[in-house]
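The values are calculated or read from the model by the stated rules, or taken from the named source; none is laboratory data. Nothing here was measured: the structure is a model prediction, and the numbers come from that model. Here Cβ is always computed from backbone atoms with ideal geometry, including for glycine, and neighbour counts include all displayed protein chains.
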Amino acid sequence: MSATKTFLLELHCEEIPARFLEPLITDFGEKLRNLFLEHHYSMGLVWKDINVTDQSTTKHIDVPVADDPSSLRNHLGEFAYSPRKLSWRVTGVPDSSPSQVRSEIGPPERLCKDESGNPTIQGQKFAEKWGVGFDRIQFKDVGKKERCAVVTFEVAGRPTLDLLAEALPGLIAGLHVPKAMRWGSSDFEFVRPIRNILCLFGEEVVPITVDGVRATNSTWGHRLYHRQHPEPVKVGSPEAYEAALEAAGVVVSVDVRRARIAAQLEALATEAGGRVVADAELLDTLAEIVEFPKIVRGDFPASFLELPKEVLVTSLREHQKSFCIEGADGRLLPCFLTAANRTDDPAGFVKAGNEWVLKARLYDARFFFAEDRKHPLSDRLEKLQALTFQRDLGSYHAKTGRVVALVKALATRLSSDEAHVNRALEAARMAKCDLRTLMVGEFPELQGIMGGEYLKHEGAHEDVWMAVKEHYRPVGAEDAIPSTPMGCLLSLCDKLDTVAGCFAVGLIPSGSKDPLALRRAGQGIVRILWERGWALSPADLIAAALQAVGAKATRPPAETTEALLAFFKDRVAYQLELAGFAGSVRRSALAAGWEDLADLKARCEALSTFAEDARFASLAQSAKRIGNILKDEAPAEAFDSGLLVQAEEQALAGQLAKLEATVDQRGLLVALADLAQPLEAFFTAVMVKCEDPALRAARLSLLHRLRKSFLQVADFSLWQ
Amino acid sequence: MHIQELILRLQRFWADRGCLIGQPYDLEKGAGTMNPLTFFGALGAKPWNVAYVEPSRRPADGRYGENPFRVYKHLQFQVILKPSPAKVQEMYIESLEALGIDLSKHDLRFEEDNWESPSLGAWGVGWQVVLDGMEISQFTYFQQVGGLDCRPVSAELTYGIERICMFLGGYDNIFDLVHGEVKTDDGVFPVTYGQMRQREEFELSAYSFEHADLDLHRTLFESFEKEGWRLLKDHGHFLSAYEQALKMSHTFNVLDARGAVSTTERPGIIKRVRDLACACAKAYLEHAEAAATPAEAGKGGVK
């Protein structure tokens, strides 16, 4: 049994963009695993964060089936990354690759030996070719017509150190980098310049060179550490890695950094008398951009709290990478928490600096807020004529006109209160005005929100300003739909105009190309219809939208309508998936009709209660058979049940009457479930397409009427 | 620290490290990158180290001298190191220390920011350097300039002079910065940034947002373009033609600040500037390669 050692590789680079760290770690991890497999080490590597105590961060890479699956072990390798470092460590790597047993097949036995068993010339030559004595040759059945000469010998493994030295430079150079760069006079391309390579196998340095950088047994710690200690940090053994670096001011594990940041955030927020406004993405970002986290609290003048909460949170998050603190009442406190890449803030410069920068931004925000409010929001309406929405569809002013028309058409179907409808029209008119405000110019992500705030400030009705404020929702899968019916209507009409308008001028998403995010907008429309339970059919919506688009369309309306219907059907199918319905329920319910969403929802819910019911699997089979039988047939609706002779078909006819009398979904499904067994019996016993034309016709009609009943709920032929 | 002291220190620091100390180019431009010392200097294989101050004007950023942080024109300190040295990050950090920034007490970060200038056909990869939460420099490895691959790669370090001074001095208002002191027999008189520039900021902002004659500028844009191509095609004078491209670029910025350029028009207009700039870059390289010695390269045009 060969001895084992630990392998360690660290690439020390200039600061790597955070979003590339994980992909690079994963990419190299796979390549390293493949290297071991290629040389027959029995190591199917699974990678985990170097922080050994936290098992939940194990990152699984699909382990391919090797030549000998039984030899595969889920061997644990460790990775670590921080802004300037990418590291991988594997313990228990054998000193050399396993020796391989190799077989070479030679001529058939009868050609190798003569009758007395002595070697022939051919036999001798085979032995000589492989450098063995003739007595070493075995004669075996090798899957050919006769036994052949076989010589087996062991191919010695190679030292792991040599294999690594040969392969690593190519593996590193071959790492996939979406935006690679060059530096200096070299042609080498990588994510950022590589300035140091630490590469050990056991305590020996693996002799590799990449772009002129030779591997050593040392690396660099935090820049501040090296002000006191100019020498590189020696790493005596791979096991000593994380401790050596922590002592030099670098926490190599992203999970440890994240945990420390979270703990410090909570402690400081509590100290300030509030709690952190949660932001998981920001927490991840901070963990990725520091080598050693220190959370610093800064304050800002309380007068800035007059700004809308969203302005403060957005500014702090986007521009300062900082967390907000809110009090028990949900209002923000005049302070923030940010991460510094150092152990402390001895002179208070980090606090002061961040406060200074924030003040400048908030000053700008307050200036914009004040300037914007000098004029009523409606002043911006005419200015929307100069803001292009889309080249063929015109300006935002034109879009506003279309959205107003849509709201008018639909609001009356949802409300008979004239004042209410007028407020909805007002909201539609104002919805895009904030695009011409200074604040939205500076913070585009605050569109809608600022419009709502400004209207609120002007004393607009709550229905109106709330609708404007929320009309961009849902902005993503995690976001809620607008909280008010008027907001939902406005959101729906705005998105509908965008989707229908773009389709009408030929901008249709395909494959992975959806630059205008039409799918997201379409999904928003469907979600609103679904959650509000509004009886607005996609066909009606499309017709209204295309009517508003009118002559701006560049494609024929029939073509656009067809494309839009298919588009909406896809969105509805996805909505069913999001709602958690099983595949069988979704497929069969959709096929029986999808345009009445409230009805579709009811059917799906009813079907779901039967999803596990084995009788429905049987129904599916029967439904398929019915489908096949009725193909190319044109059965009449009415039939004379008196013509039916067999017990099984008479039983079915009886059930049919009951089915057709049932109105509610659930009752219908109960009746259908009860139909499973009789249907099976029917198909076993009855020949539908019999000789007698009258009987044949009656049987076909019976099946036709049964299928019609099914299709009230679902197309069961798609159940499986 | 006074503005002129900061400039002197940066010039001394980089001169000591093998840079030529250049001068700003005497045409309106938005960034130090547009100075021929950088635009042409970054092209070709010849080594090149240069550092200079560049007043940079961005019409859309004008605030009439009323905003304490944002101005129409600011000073950049531009450094080009070609090829980019292996210790370039360390050199940059040392330059901050030369300005009296004690990094043992500050938070310094390199945050991804990949700069590009579509009108110059230029782009690079690098960072904005953030000190205690404030961006103080742009640090870029040029990959392409004038539409051509940079081989070798130049490192470009661009410092925001007013910003750094405000930050170091804790000033809340850019116009309170002290540019330097005037000493005469009558005494010592500090001169503030406001005294030097506030009126100018007001007038330039007013021009930018109210008074600029749009028809004139549209005509100028067309004229500069025509002139540039004429100089390049008829005479092979890429330096003169490049000046016309700079004028096109500034003229576009003026039109843009007035809101006279729609979002659909913008890419097309930028492309026209880029086409001329890239043609100049190509012509420059052809001329430089044809010349055997640097002395010859400085001689008259190709045609």
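Given the criterion more than 17 Å from residue A:592 (Cβ to Cβ) and assigned to a helix (DSSP H, G or I), identify the matching residue among A:705, A:699.
A:699
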Single match in A:23, A:17 (criterion: within 14 Å of chain B (Cβ to nearest Cβ) and modelled with pLDDT of 90 or more): A:17
If you take the residues of region A:601-615 that are touching a residue at least 12 places away in the same chain (Cβ under 8 Å) and closer than 13 Å to residue A:673 by Cβ, which of them is surrounded by the most Cβ atoms within 10 Å (Cβ to Cβ)? A:607
Taking interchain pairs and intrachain pairs at least six residues apart, which have beta carbon atoms under 9 angstrom, with the first residue in region A:338-353 and free of Cβ contacts under 8 Å to residues at least 40 places away in the same chain and within 7 Å of another protein chain (Cβ to nearest Cβ) and the second assigned to a helix (DSSP H, G or I) and surrounded by 19 or more Cβ atoms within 10 Å (Cβ to Cβ)? A:353/B:167
Criterion (over 20 Å from residue A:594 (Cα atoms), hydrophobic (A, V, I, L, M, F, W, C) and either under 29 Å from the mean Cα position of the chain (by Cα) or crowded, with 18+ Cβ neighbours inside 10 Å (or both)) met by exactly one of A:489, A:529, A:541: A:489
Complete set of residues in region A:361-370 that are more than 37 Å from the chain's Cα centre (by Cα) and facing chain B (nearest Cβ under 8 Å): A:363, A:367
Single match in A:566, A:558, A:521 (criterion: free of Cβ contacts under 8 Å to residues at least 40 places away in the same chain and surrounded by 15 or more Cβ atoms within 10 Å (Cβ to Cβ)): A:521
Looking only at residues that are in contact with a helix residue (DSSP H, G or I) (Cβ under 6 Å, 6 or more places away or on another chain) and within 13 Å of residue B:133 (Cα to Cα) in region A:321-341, which one is surrounded by the most Cβ atoms within 10 Å (Cβ to Cβ)? A:339
If we ask which residues in region A:198-244 are part of a loop (DSSP other than H, G, I, E, B), touching a Gly at 6+ places or on another chain (Cβ under 8 Å), touching a residue at least 60 places away in the same chain (Cβ under 8 Å) and away from chain B (no Cβ under 14 Å), their number turns out to be 1
Of all the residues that make up region A:271-310, how many are crowded, with 19+ Cβ neighbours inside 10 Å, acidic (Asp, Glu) and touching a Leu at 6+ places or on another chain (Cβ under 8 Å)? 1
Checking residue A:258 against (1) touching a residue at least 12 places away in the same chain (Cβ under 8 Å); (2) in a loop (DSSP other than H, G, I, E, B), the condition it does not meet: (2)
Of the conditions (1) in contact with a helix residue (DSSP H, G or I) (Cβ under 9 Å, 6 or more places away or on another chain); (2) away from every other protein chain (no Cβ under 14 Å); (3) under 30 Å from residue A:239 (Cβ atoms), residue A:162 clears all except one; give me its number. (1)
Are there any strands (runs of 3 or more DSSP E) wholly within region A:85-159 with 1 or more residues that are exposed (fewer than 11 other Cβ atoms within 10 Å of the Cβ), at pLDDT below 90 and acidic (Asp, Glu), and if so which? A:148-155
Taking region A:424-444 and keeping only residues that are free of Cβ contacts under 8 Å to residues at least 24 places away in the same chain and hydroxyl-bearing (Ser, Thr, Tyr), one is left with none
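Here are A:272, A:247, A:259: which of them is under 30 Å from residue A:232 (Cα atoms), hydrophobic (A, V, I, L, M, F, W, C), away from chain B (no Cβ under 14 Å) and over 30 Å from the mean Cα position of the chain (by Cα)?
The unique qualifying residue is A:247.
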Take the residues of region B:244-261 that are small (Gly, Ala, Ser) and not in a helix (DSSP H, G or I): which is nearest to the other protein chains (Cβ to nearest Cβ)? B:259
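Looking at residue A:435, is it under 34 Å from the mean Cα position of the chain (by Cα), crowded, with 20+ Cβ neighbours inside 10 Å and not basic (Lys, Arg)?
no
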Which condition does residue A:288 not pass, out of (1) farther than 24 Å from residue A:361 by Cβ; (2) of a type outside the set (S, T, N, Q); (3) within 14 Å of chain B (Cβ to nearest Cβ); (4) in contact with a helix residue (DSSP H, G or I) (Cβ under 7 Å, 6 or more places away or on another chain), if it passes all the others? (1)
I'm told residue B:188 meets every condition in (1) more than 13 Å from chain A (Cβ to nearest Cβ); (2) surrounded by 13 or more Cβ atoms within 10 Å (Cβ to Cβ); (3) part of a strand (DSSP E or B); (4) not basic (Lys, Arg) except one. Can you identify the failing condition by its number? (2)
Can you tell me which residue is nearest to residue A:563 (Cα to Cα) among those in region A:520-545 that are out of contact with any helix residue (DSSP H, G or I) (no Cβ under 7 Å at 6 or more places or on another chain) and charged (D, E, K, R)? A:540
Single residue of B:124, B:160 found to be at the interface with chain A (Cβ under 9 Å from one of its Cβ atoms), within 27 Å of residue A:19 (Cβ to Cβ) and among the small types (Gly, Ala, Ser): B:124
Hey, among the residues in region B:127-157 that are assigned to a loop (DSSP other than H, G, I, E, B) and within 9 Å of chain A (Cβ to nearest Cβ), which one's nearest to residue A:13 (Cα to Cα)? B:153
Residues located in region A:275-302, provided they are assigned to a loop (DSSP other than H, G, I, E, B) and among the charged types (D, E, K, R): A:279, A:291
Selected residue (only one of B:84, B:104, B:137 is in contact with a helix residue (DSSP H, G or I) (Cβ under 8 Å, 6 or more places away or on another chain), at pLDDT 95 or above and not basic (Lys, Arg)): B:137
For region A:162-186, which residues satisfy the criterion of being charged (D, E, K, R) and at pLDDT below 95? A:179
Hey, can you tell me all the residues within region B:103-119 that are part of a loop (DSSP other than H, G, I, E, B), within 8 Å of chain A (Cβ to nearest Cβ) and within 20 Å of residue A:291 (Cβ to Cβ)? B:106, B:107
Need a quick list: helices (runs of 4 or more DSSP H) entirely within region A:545-622 having at least 2 residues that are in contact with a Gly (Cβ under 9 Å, 6 or more places away or on another chain). A:557-578, A:597-609
Take the residues of region B:82-96 that are more than 17 Å from residue A:222 (Cα to Cα) and without any contact (Cβ under 8 Å) to a residue 60 or more places away in the chain: which is farthest from the other protein chains (Cβ to nearest Cβ)? B:96
